[in-house]
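Written below as structure tokens is the structure these notes are about.
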Amino acid sequence: MERKRIDVRDNRIEDSIAIRLAIFYLVFMSILSVWYFLNLSAVYIGGILLFTAFGYIFSYLRRRKNNVILKIFMTIGMLYLLRQFFVELIKNPFDPRLPLGVFLINLNTLHSLDLPTRLDLSFSFFISLILMVISGIFARESLFIVFILFYLLGFVITLFLLNNYKPSFSRVAISFFIVLLIGFLLFPILPKNIHIGFRQDIMSQLITRITNIQGELSSPYSMQNTNLYKLPEGRKIPPLPFDKEEYYGFAPFVDLRQRGMLSSTLVFRVLTSWEVYHRGIAFDTYNGFGWYQSEEEIKDVTTMSQPFLLKNNPPPESMLNRATYFIEKDIPSNIVFLPHNSQRLYFPSPLIFIDGEEGYRAPFDLPKGLIYTSFYKDIYPLAKDLLNAKIPDKYKFRRYLQLPNLPRRIYDLTFEITKSYEKPWDKLMAIKKYLERYEYSLDIPPLPDDMDAVDDFLFVTKKGYCEQFASAFAVMARIIGIPSRFITGYGPGDLNPWTGMFEVKVKNAHAWVEVYLEPVGWIPIDPTPFTPLIEERDKSLSVNLLSVLFASMGKVIEGLFVLLYKITLEYRYVVFALSILFIIWFFQYLMDRIRLIQEDRIFRRVIKKLKKKGLIKDNISLYEMMRPLGEDGIKFAGLYYALKFAPLSEEEKRNYLNEMKDYAKKILSNLSARSQKKI
């Protein structure tokens with residue numbers, strides 16, 4: 001059966017205003033998407049959209065002109081744009097998304113001045129597809145779904161128009177719904193972190209500005225004279241005011257007297273394969289009501305070419321896991337958050353600092369839009385290695401065994417918990433299990449002036465934040481002779497299956513512990529028991545059954561998508577390949593359906609019904625096939641042949657097509673009443 005296919009090589013003048021408007025709409029949506037997700041200038045994009053609209057009008061009005069002079073200037077302009085693209089690419093080889101996006105936008109805008117044929121319009125159509133792919137690769141928000149939705153609507157309409165098919169509104173709506181449904185079901189479970197060798201988005205543009213930071217910790221709390229808290233009389237100084245937007249653990253002194261609930265402000269997004277803790281600062285000294293670093297050892301590390309090598313002889317990147325950080329707010333701190341055991345770091349600065357506890361700091365506060373990437377080992381020690389690990393030399397690790405004058409009952413409790421165990425690791429796990437008896441709560445009373453923070457947590461309050469759990473574990477580990485240090489950073493955050501990124505908010509700030517055992521080294525342990533997410537709620541609001549029901553359904557659906565996404569990570573390359581094959585098959589099927597002109601679709605539907613009833617056979621001519629149906633079948637076949645091959649006028653085509661529909665309905669009505677349906 002002959003089919004009319006899309007012919008993008010058609011060099012005939014395109015007079016269809018509908019096709020031009022549909023493709024302009026796609027270009028418009030793709031430019032808006034790139035503008036939003038690549039943070040381009042609003043003034044620049046506004047000018048681009050106005051120029052593009054002018055270009056489409058101008059090219060339509062002059063579609064039958066040669067425009068030789070215009071084409072010469074356009075060629076010169078395109079060569080200039082290509083030159084600028086390579087210049088920008090050389091300036092920042094690690095992040096070509098901006099040069100590529102700007103180049104394609106400018107190229108498409110310039111090309112809009114000369115769009116006489118369908119081939120030229122199709123070029124703009126495919127450029128819009130590429131722009132959507134670029135914005136999709138680097139979209140870090142679920143808002144991208146909205147752009148996709150509006151783009152898909154225009155995409156479906158454009159495919160119909162390019163195939164000279166004028167469907168009913170209901171058919172367009174059904175096609176759009178099917179495409180949208182498949183996308184919504186497939187997109188959330190697709191692995192978003194498959195790396196195929198490109199270096200894009202590994203770090204943002206190099207920052208070389210001069211600052212006063214020489215490796216010291218920069219944070220809102222460090223601006224206060226927190227060093228006074230380290231003195232013996234520091235206990236008499238009241239704690240600093242609580243700031244719900246800034247975690248007090250990212251300060252030179254972690255004051256365990258602080259109370260309050262952190263906000264839900266987004267701090268950064270992380271693209272990585274697995275949940276990881278984001279290590280910030282390590283503290284070695286406990287004074288009864290807080291933690292601080294006893295030795296401020298700062299080393300600077302410079303590099304002439306990325307990456308920074310954080311360990312001696314690190315493995316190649318192909319053997320490491322990757323975590324790319326996207327800073328989403330101006331962070332008034334120079335702490336570089338990294339996964340434990342990071343080996344290589346791409347950071348947009350020629351200089352970074354390392355403190356004595358393996359914490360990393362930038363020479364500037366981290367601005368919104370900063371991107372950096374860590375390559376880290378995600379290998380947890382084997383159980384047998386942990387069980388066989390030994391306590392290291394106490395003299396070498398004496399600062400990690402330091403303790404203030406603690407109440408005797410803390411020692412007694414620790415020895416009671418661990419007395420049945422011989423191996424250091426078993427003792428640590430016994431302490432961790434014991435702490436699971438305590439309640440995680442953000443609603444705890446103030447620390448009394450005369451009480452040790454760990455003593456108050458273990459024997460009086462018996463509930464607390466992660467800081468209380470981590471402090472108790474670190475202190476009890478030191479009591480049994482195991483070196484430990486108190487760590488602050490961020491927890492893994494929440495996985496967004498639509499973007500494939502972990503979203504880390506202020507309230508995800510966390511504290512945990514690292515212990516040292518030979519020959520394993522520093523081992524991270526989180527003693528805080530699992531707790532449901534606690535958020536601020538307006539208790540004055542009434543709760544009704546429907547709101548609870550729909551909220552619960554939303555959580556279940558979200559959890560299902562997250563679970564499916566985590567499962568696909570295990571087999572991400574297989575899932576990715578199968579998904580690509582499915583998308584190719586689906587669009588091929590969709591194109592085959594669209595390519596059929598109206599008489600072909602009517603004919604196919606009738607033949608399919610007749611074959612299902614066993615009334616016709618294959619491998620015979622059309623007239624022989626229709627003869628058992630009588631005169632209606634013969635006339636139906638004749639009208640089909642006439643529409644396919646006869647040189648008919650437009651009016652004759654309409655009349656023949658209407659007659660063919662009538663005979664199709666007659667044939668189907670003779671089969672069963674249920675076969676009557678709109679052709």
Q: Run W35 past the list (1) surrounded by fewer than 17 Cβ atoms within 10 Å (Cβ to Cβ); (2) at pLDDT 85 or above; (3) not hydroxyl-bearing (S, T, Y) and report the number of the one that doesn't hold.
A: (1)
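Per-residue answers, yes or no, for (1) assigned by TED's automatic domain parsing to the domain that holds I137; (2) in a helix (DSSP H, G or I); (3) within 17 Å of L104 (Cβ to Cβ); (4) within 32 Å of the chain's Cα centre (by Cα):
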{"site": "Y44", "(1), (2), (3), (4)": "yes, yes, yes, yes"}
{"site": "G55", "(1), (2), (3), (4)": "yes, yes, yes, no"}
{"site": "F73", "(1), (2), (3), (4)": "yes, yes, no, no"}
{"site": "L79", "(1), (2), (3), (4)": "yes, yes, yes, no"}
Q.
Being over 19 Å from P332 (Cβ atoms) and without any contact (Cβ under 8 Å) to a residue 12 or more places away in the chain is true for just one of S294, S273, S305. Which residue is that?
A. S305
Q: Please enumerate the residues belonging to the range 194-243 that are among the hydroxyl-bearing types (S, T, Y), modelled with pLDDT of 70 or more and in contact with a Pro (Cβ under 7 Å, 6 or more places away or on another chain).
A: S204, S219
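Are any residues in the range 319-332 in contact (Cβ under 8 Å) with a residue 60 or more places away in the chain, under 16 Å from L271 (Cβ atoms) and of a type outside the set (K, R), and if so, which ones?
Residues of the range 319-332 that are in contact (Cβ under 8 Å) with a residue 60 or more places away in the chain, as a first pass: 322, 324, 326-329, 331-332.
Now restrict to residues that are under 16 Å from L271 (Cβ atoms): 322, 324, 326-328.
Once the filter is applied, which keeps residues that are in contact (Cβ under 8 Å) with a residue 60 or more places away in the chain, under 16 Å from L271 (Cβ atoms) and of a type outside the set (K, R), the range 319-332 yields T324, F326, I327, E328.
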Q: Give just the number: which of (1) at pLDDT below 95; (2) part of a strand (DSSP E or B); (3) aliphatic (A, V, I, L, M) does L533 not satisfy?
A: (2)
Q | All strands (runs of 3 or more DSSP E) inside the range 460-505 with 3 or more residues being closer than 24 Å to R437 by Cα | A | 484-490
**Q.** Top-ranked residue in the range 389-408 [being part of a helix (DSSP H, G or I) and free of Cβ contacts under 8 Å to residues at least 12 places away in the same chain; ranked as farthest from S294 (Cα to Cα)]
**A.** R408
(Q) Going by what's in this entry, would N508 be described as at pLDDT below 90 and not β-branched (V, I, T)? (A) no
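With D300, D330 as the choices, which residue is more than 27 Å from A470 (Cα to Cα), modelled with pLDDT of 90 or more and either surrounded by fewer than 20 Cβ atoms within 10 Å (Cβ to Cβ) or outside the structural domain of F253 (by TED's automatic domain parsing) (or both)? Spell out how you get there, then give the answer.
Details: D300 fails: modelled with pLDDT of 90 or more.
None of the other options fit; the residue is D330.
If we keep just the residues of the range 110-136 that are aliphatic (A, V, I, L, M) and closer than 23 Å to P96 by Cβ, which is surrounded by the fewest Cβ atoms within 10 Å (Cβ to Cβ)?
Looking at residues that are aliphatic (A, V, I, L, M) and closer than 23 Å to P96 by Cβ, I get V133.
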Q: Filter the range 414-442 for residues that are surrounded by fewer than 16 Cβ atoms within 10 Å (Cβ to Cβ) and touching a strand residue (DSSP E or B) at 6+ places or on another chain (Cβ under 8 Å) and give the result.
A: E439, S441
Q.
Can you tell me which condition I410 does not meet? The list is (1) within 25 Å of F242 (Cα to Cα); (2) hydrophobic (A, V, I, L, M, F, W, C); (3) surrounded by 14 or more Cβ atoms within 10 Å (Cβ to Cβ), and all the others hold.
A. (1)
Q: Would you check if P316 is in contact (Cβ under 8 Å) with a residue 12 or more places away in the chain and either of a type in the set (D, E, K, R) or over 20 Å from V506 (Cβ atoms) (or both)?
A: no
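Scan the range 250-273 residue by residue and report those that are closer than 30 Å to D455 by Cβ and of a type in the set (K, R).
So in the range 250-273, the residues closer than 30 Å to D455 by Cβ come out as 250-262.
The answer is R257, R259.
If I ask for residues that are part of a helix (DSSP H, G or I) and hydrophobic (A, V, I, L, M, F, W, C), which ones from the range 409-448 would you list? First the steps, then the outcome.
At the first step, the residues of the range 409-448 found to be part of a helix (DSSP H, G or I) are 409-418, 424-435.
If the condition is that a residue be part of a helix (DSSP H, G or I) and hydrophobic (A, V, I, L, M, F, W, C), then I410, L413, F415, I417, W425, L428, M429, A430, I431, L435 are the ones that fit.
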Q: Assess whether I335 counts as being buried (at least 18 other Cβ atoms within 10 Å of the Cβ) and either within 23 Å of E514 (Cβ to Cβ) or in contact (Cβ under 8 Å) with a residue 24 or more places away in the chain (or both).
A: yes
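To keep it simple, each residue is scored yes or no on (1) in a helix (DSSP H, G or I); (2) small (G, A, S); (3) at pLDDT below 80.
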| site | (1), (2), (3) |
| --- | --- |
| F586 | yes, no, yes |
| Y589 | yes, no, yes |
| I602 | yes, no, yes |
| N619 | no, no, yes |
| G638 | yes, yes, no |
| K653 | yes, no, yes |
| K665 | yes, no, no |
| L668 | yes, no, yes |
Q.
I need every pair where a residue in the range 636-656 that is in contact (Cβ under 8 Å) with a residue 60 or more places away in the chain and under 25 Å from L668 (Cα atoms) has its Cβ under 7 Å from the Cβ of a residue that is exposed (fewer than 14 other Cβ atoms within 10 Å of the Cβ) and not basic (K, R), sequence separation at least 6 or different chains.
A. K644/E2
**Q.** Which numbered condition F54 misses (of (1) at pLDDT below 85; (2) out of contact with any helix residue (DSSP H, G or I) (no Cβ under 9 Å at 6 or more places or on another chain))
**A.** (1)
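Please report, ordered by residue number, the strands (runs of 3 or more DSSP E) entirely within the range 249-291 with at least 1 residues that are among the aliphatic types (A, V, I, L, M) and under 30 Å from S318 (Cβ atoms).
Where strands (runs of 3 or more DSSP E) fall fully within the range 249-291 and carry at least 1 residues being among the aliphatic types (A, V, I, L, M) and under 30 Å from S318 (Cβ atoms), they are 266-272, 278-283.
Could you please find all residues in the range 137-149 being in a helix (DSSP H, G or I), touching a residue at least 12 places away in the same chain (Cβ under 8 Å) and surrounded by fewer than 16 Cβ atoms within 10 Å (Cβ to Cβ)? Give the steps one after another, and end with the answer.
Kept after step one, since they are in a helix (DSSP H, G or I), are these residues of the range 137-149: 137-138, 144-149.
Those still in the list that are touching a residue at least 12 places away in the same chain (Cβ under 8 Å) too: 137-138, 144-145, 147-149.
Within the range 137-149, I137, L149 qualify.
For the range 327-343, what are the residues that are more than 15 Å from R279 (Cα to Cα) and not in a loop (DSSP other than H, G, I, E, B)? Walk me through how you get there before you give the answer.
We begin by selecting, within the range 327-343, every residue more than 15 Å from R279 (Cα to Cα); these are 327-332.
Result: I327, single match.
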**Q.** Options S175, S168; residue that is surrounded by 14 or more Cβ atoms within 10 Å (Cβ to Cβ), farther than 30 Å from L70 by Cβ and modelled with pLDDT under 70
**A.** S175
**Q.** Scope the range 340-355; condition of a type outside the set (S, T, Y) and closer than 17 Å to L370 by Cβ; matching residues
**A.** L345, F347, P348, P350, L351, I352, F353
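When you look at G630, is it buried (at least 16 other Cβ atoms within 10 Å of the Cβ), outside the structural domain of L159 (by TED's automatic domain parsing), at pLDDT 70 or above and more than 26 Å from L159 (Cα to Cα), yes or no? Give the derivation first.
Details: buried (at least 16 other Cβ atoms within 10 Å of the Cβ): no; outside the structural domain of L159 (by TED's automatic domain parsing): yes; at pLDDT 70 or above: yes; more than 26 Å from L159 (Cα to Cα): yes.
Answer is no for this residue.
The values are calculated or read from the model by the stated rules, or taken from the named source; none is laboratory data. Keep in mind the model is a prediction, meaning the values are calculated, not measured. As a convention, Cβ positions derive from the backbone with ideal geometry for all residues, glycine included, and neighbour counts pool all protein chains shown.
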